[in-house]
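Engineer: The structure follows.
The values are calculated or read from the model by the stated rules, or taken from the named source; none is laboratory data. Since the model is a prediction, treat every value here as computed from it, not as a measurement. Reconstructed Cβ throughout: ideal geometry from the backbone, glycine too, with neighbour counts over all protein chains shown. Just the protein is used for accessible areas: all its heavy atoms, side chains included, with ligands, DNA and RNA removed. Shrake-Rupley method; radii C 1.70, N 1.55, O 1.52, S 1.80 Å.
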Amino acid sequence: MSERPVVRHSTTWKPETIEDIQAKADLGRYRIRGFSALRDRPLPSFDDLTFVPCTLSRIPLEGYREKCSTRTVLGTRFAKKPIEIDIPIMVTGMSYGALSYNAKVALAKAAARAGTSTTTGDGGMLAAEREHSDILIYEVLPSRYGINVHHLRQANAIELTVGQGAKPGTGGLLLESKVSDEIAELRDLPPGVDQRSPCRHPDWFGPDDMLTKIEELREATDWQVPIFVKMGASRVYDDVKLAAKAGADVVVVDGMEGGTGASPDILLDHTGIPTLAAVSEARVALEECGLYGTVQLIIAGGIHSGTAAAKALALGADAVYMGTAALIALNCNKPLYVDDYQAIGAEPYACHHCHTGRCPVGITTQDPELMKRLDIDAGAERVGNFFNAATLEIQMLARSCGKSDVHALEPEDLRALTLESSMIAGIPLVGTNVVFGGGPGWKPSSER
Amino acid sequence: MKDIDCTGKTSRAINQEIRHHIQAGETELRVQHPQARHNLGVAILQPVSLTMSGSVGYYCGGLIDGPRIEVQGSCGWGLAESMLNGVVIVNQNAGNSVAASIRGGTVVVRGSASSRAGIAMKGGTLIVQGNSGYMTGFMMQKGAIIVCGDTAEALGDSMYEGRIFVGGRIADLGNDAVMAEVTDQDQEFLATTLAQYDIAAPASFQKVVSGRRLWQFDKKDFDTWREAL
């Protein structure tokens, strides 16, 4: 009887690497896909931190009884009408085009139901989105697709977008299958093109120009509404300072776990810095400017739960954006219509095929038949429920740490489970009182 | 004609004064001594006439829908950016990105325009009586650009659609910009449009449009994509 041969896989030429080369050998270009980072090596994340609730040295609040406020106010620096939301979770900008009509309206209704905001995206404002949302943030993006002063003036806040976490330093993509006649008309594009959004704004480049652009947006809205500046997490420490000094009311930092409807996959996996590092750098940047608490901080990128949101708040965020998590609550990646997942080369729980426009659950598609699979009201209820659940999780953690307001969560409520998260977040490693660090987010214990 | 003197005032105060007078029913306003202040006449949504008696800074007439604005001097970056409708005329030169992303209306530069004139235009018309700079019409989507003089390098780079007419010399074309025949319909459009602003038409025009090779990814056209991506 012959011995069974030992199968040895190279760690350099892994099956995924071989498949990637052969796919590019066929395509003749980089690969494009949606969703989020799919790296083999896990990123440092909020999961690398743990809360240290009250025992004897701190006194907890009654978990199911005593009040714990979740009210969140954003844009208090210059705007006459800051945004007031009931929870510190908001819906991030995702375009009508990347998402279906049903998905956009469901998110607007869900946000209104949960007492929070939704955001337009790289394709202008959908009238139904404005109609069904209580608080709508209008994005002004480099592409300026659908830019309309009347829509801008209907918004509760303006978000000047410099970049996004999924692909900082580059523009958006919307492939031909999603550039329907309607989407093309809204964006002033020829139907069926591969739309490549610009990465730079057409009329300003750097922070000095941005200061003037922010003033223009304030003039256009009579200084009534907050101006957010959103960036992909890259050189966060410097970029947040520049945005704050340019006059932003709110800075949004989107980590590399952030999702997208379509991107070169190398950008998803190999550009930007993780959300954990982004919030740590952003907080220190604002503190060093003397603007922490004056300029509010929103953190985005892979925030998937109340626990991740609570840790972001403890590290210095005023609120978090959720995008992919909200879509998953709408049924993204749910094992429905399994044959249709397989037809596009995907499987439930492992679908990142938003770029194809053939979303089996009707979220990232412009196909009217697929879109019907997403019931707007049922979807809005699921997302609303998920936001409620995440809010309860944040409150639960805050109460256990003795906080009657989720915004009172602080770095001292956390410990690091790994050396690298200790170094990144400036949090003591469990079992020690030592902060292992040295980067912008780090301070020696004597200064904490 | 209502006069507004900018002396000693911020852009904020000047814009508030402009809006106050418009709301009071004034239809003709003259802004004196603008002294290159930024963001003057932003987001005006009424069909009023506004004269800037001097040079203005960035984003004059940005985000407007309907007014007629005349700048009796030069302007900084982003004149009339994102305009939906209206007419904006600058009597001297324009800084970068004049008429950026406009969706309608007409912008007239009686002098020369700097880089990226008409960038990302989504409609409307940009007329440059003099020369225009690098990357004029970059990523243009719709509308028309008329340059009576010369254009610098990379004209019409990565344009999706739209028409660019050049009366002088074209330094070179950008990615996927190609020459096209000037049709009778184009000639009529040029004559009518220029006459409207008392601009003498050059002897002839060249026309540049999208080659449409960047509309879809094509692995067989690697040389184009290497330049464009």
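Engineer: Treating only the Cβ atoms of Lys and Arg (+1) and Asp and Glu (-1) as charged, compute the dipole magnitude of the protein assembly as shown about its Cα centre; round to the nearest 20 debye.
Structural biologist: 760
Engineer: Where Lys and Arg each count +1 and Asp and Glu each count -1, what net charge lies around A:Ala285 among other residues with Cβ under 12 Å from its Cβ?
Structural biologist: Net of charged neighbours comes to -1.
Engineer: Specify the residue with the greatest mean-square fluctuation among B:Phe165, B:Phe138, B:Phe217, computed from a Gaussian network of chain B linking alpha-carbon atoms under 10 Å apart.
Structural biologist: B:Phe217
Engineer: Could I ask something else about it? Give the aspartates and glutamates whose C-alpha is closer than 20 Å to that of A:Lys80, dropping any in the same chain fewer than 8 places away, or say none.
Structural biologist: A:Asp134, A:Glu139, A:Glu159, A:Glu215, A:Glu216, A:Glu219, A:Asp222, A:Asp249, A:Asp318, B:Glu17
Engineer: May I have the convex hull volume per residue, in Å³, for the Cα set of the protein assembly as shown?
Structural biologist: Convex hull of Cα atoms, per residue: 187 Å³.
Engineer: Could I ask something else about it? Using alpha carbon centroids, what distance separates segment A:24-80 and segment A:401-432, in Å?
Structural biologist: 13
Engineer: Accessible area lost on pairing A with B, both sides, 1.4 Å probe, Å² to nearest 100?
Structural biologist: 3800
Engineer: What percent antiparallel are the DSSP beta bridges of the protein assembly as shown, to the nearest 5?
Structural biologist: 20
Engineer: Of all GluC sites (Glu not before Pro) in segment A:1-105, which ones are in loop regions per DSSP and have a Cβ with at most 14 other Cβ atoms within 10 Å?
Structural biologist: Here the sparse-neighbourhood loop sites are A:Glu3, A:Glu62, A:Glu66.
Engineer: Continuing with the same structure: When a/c reaches 1.5 or more, the comparison of a/b and b/c decides; with that in mind, is segment A:61-165 rounded, prolate or oblate per its Cα gyration tensor?
Structural biologist: Here segment A:61-165 falls in the prolate category.
Engineer: Per DSSP H run of at least 4 residues, take -39500 (n - 2.57); add these up for chain B, divide by its residues and hand me the 222 nm value, nearest 500 deg cm²/dmol.
Structural biologist: Only helices count here, giving -4500 deg cm²/dmol.
Engineer: With point charges of +1 on the Cβ of Lys and Arg and -1 on the Cβ of Asp and Glu, referenced to the Cα centre of segment A:46-447, which listed residue (A:Leu186, A:Ala408, A:Ile303) lies farthest in the positive direction of the dipole?
Structural biologist: Ranked along the dipole, the leading option is A:Ala408.
Engineer: Sticking with this one: Principal axes first, then extents: for the Cα atoms of segment A:1-145, list largest minus smallest coordinate on each axis, whole Å, largest first.
Structural biologist: Projected onto its principal axes, the Cα set of segment A:1-145 covers 77, 56, 30 Å.
Engineer: Can you give the net charge of the other residues whose Cβ lies under 11 Å from the Cβ of A:Cys354, counting K and R as +1 and D and E as -1?
Structural biologist: Local charge sum for A:Cys354: +3.
Engineer: What's the angle, to the nearest 10 degrees (0 to 90), between helix B:11-23's Cα axis and the longest principal axis of chain B?
Structural biologist: For B:11-23 against chain B, the angle is about 80 degrees.
Engineer: So if I place +1 on the C-beta of Lys and Arg and -1 on the C-beta of Asp and Glu, and nothing else carries charge, what would the dipole magnitude of chain B be about its Cα centre? I want it in debye, nearest 20.
Structural biologist: With only Lys, Arg, Asp and Glu charged at Cβ, the dipole is about 500 debye.
Engineer: For segment A:107-218, just say rounded, prolate or oblate: build the C-alpha gyration tensor, square-root its eigenvalues into a ≥ b ≥ c, call rounded for a/c under 1.5, and beyond that prolate if a/b exceeds b/c, oblate if not.
Structural biologist: oblate
Engineer: Hey, another quick one. For A:Pro142, what is the net charge nearby, where nearby means another residue's Cβ is under 9 Å from its Cβ and Lys, Arg count +1, Asp, Glu -1?
Structural biologist: Value of the local net charge: +1.
Engineer: Let me know the mean shielding of B:141-148 by other chains, meaning the per-residue number of their Cβ atoms within 10 Å of its Cβ.
Structural biologist: Taking the mean over all residues of the peptide, I get 2.
Engineer: Just grab the label-to-label distance for A:Glu3 and B:Asp3, each label 7 Å out from Cα along the Cβ direction, in nm (one decimal).
Structural biologist: Rounded to a tenth, the inter-label distance reads 10.3 nm.
Engineer: Between A:Arg200 and A:Asp20, what's the calculated FRET efficiency when r is the beta-carbon distance and R0 is 35 Å? Round to 0.05.
Structural biologist: The formula returns an efficiency of 0.75 here.
Engineer: Separation between the A:Glu62 and A:Leu38 pseudo-spin-labels, each 7 Å from Cα along Cα→Cβ, expressed in nm?
Structural biologist: My value for the distance between the label points is 5.0 nm.
Engineer: Right, here's the next one. Would you mind estimating how fast segment A:46-447 diffuses translationally, via Stokes-Einstein at 25 °C and 0.890 mPa s with the Kirkwood radius over Cα pairs, in µm²/s?
Structural biologist: Rounded, D is 116 µm²/s.
Engineer: Related question: Label B:Ala195 and B:His33 with points 7 Å out from Cα along Cα→Cβ: what is the distance between them in nm?
Structural biologist: 4.3
Engineer: Give the calculated FRET efficiency between B:Gln23 and A:Arg71 to the nearest 0.05, with a Förster radius of 35 Å applied to their Cβ-Cβ distance.
Structural biologist: So the FRET efficiency works out to roughly 0.50.
Engineer: Now a separate question. Computed on alpha carbon atoms, what radius of gyration and Dmax characterise segment A:247-361, expressed in Å?
Structural biologist: Both quantities, over Cα of segment A:247-361: 16.8, 55 Å.
Engineer: Treat every Asp and Glu Cβ in segment A:46-447 as -1 and every Lys and Arg Cβ as +1, leave all other atoms uncharged, and give the resulting dipole magnitude about the Cα centre to the nearest 20 debye.
Structural biologist: Rounded to the nearest 20 debye, it is 640 debye.
Engineer: Could you tell me how far the Cα centroid of segment A:89-137 sits from the Cα centroid of segment B:96-151, in Å?
Structural biologist: If we compute the Cα centre of each part, the gap is 33 Å.
Engineer: Does segment B:93-228 come out rounded, prolate or oblate by the C-alpha gyration tensor, with a ≥ b ≥ c the root eigenvalues, rounded set by a/c under 1.5 and, if not, prolate when a/b is larger than b/c and oblate if not?
Structural biologist: prolate
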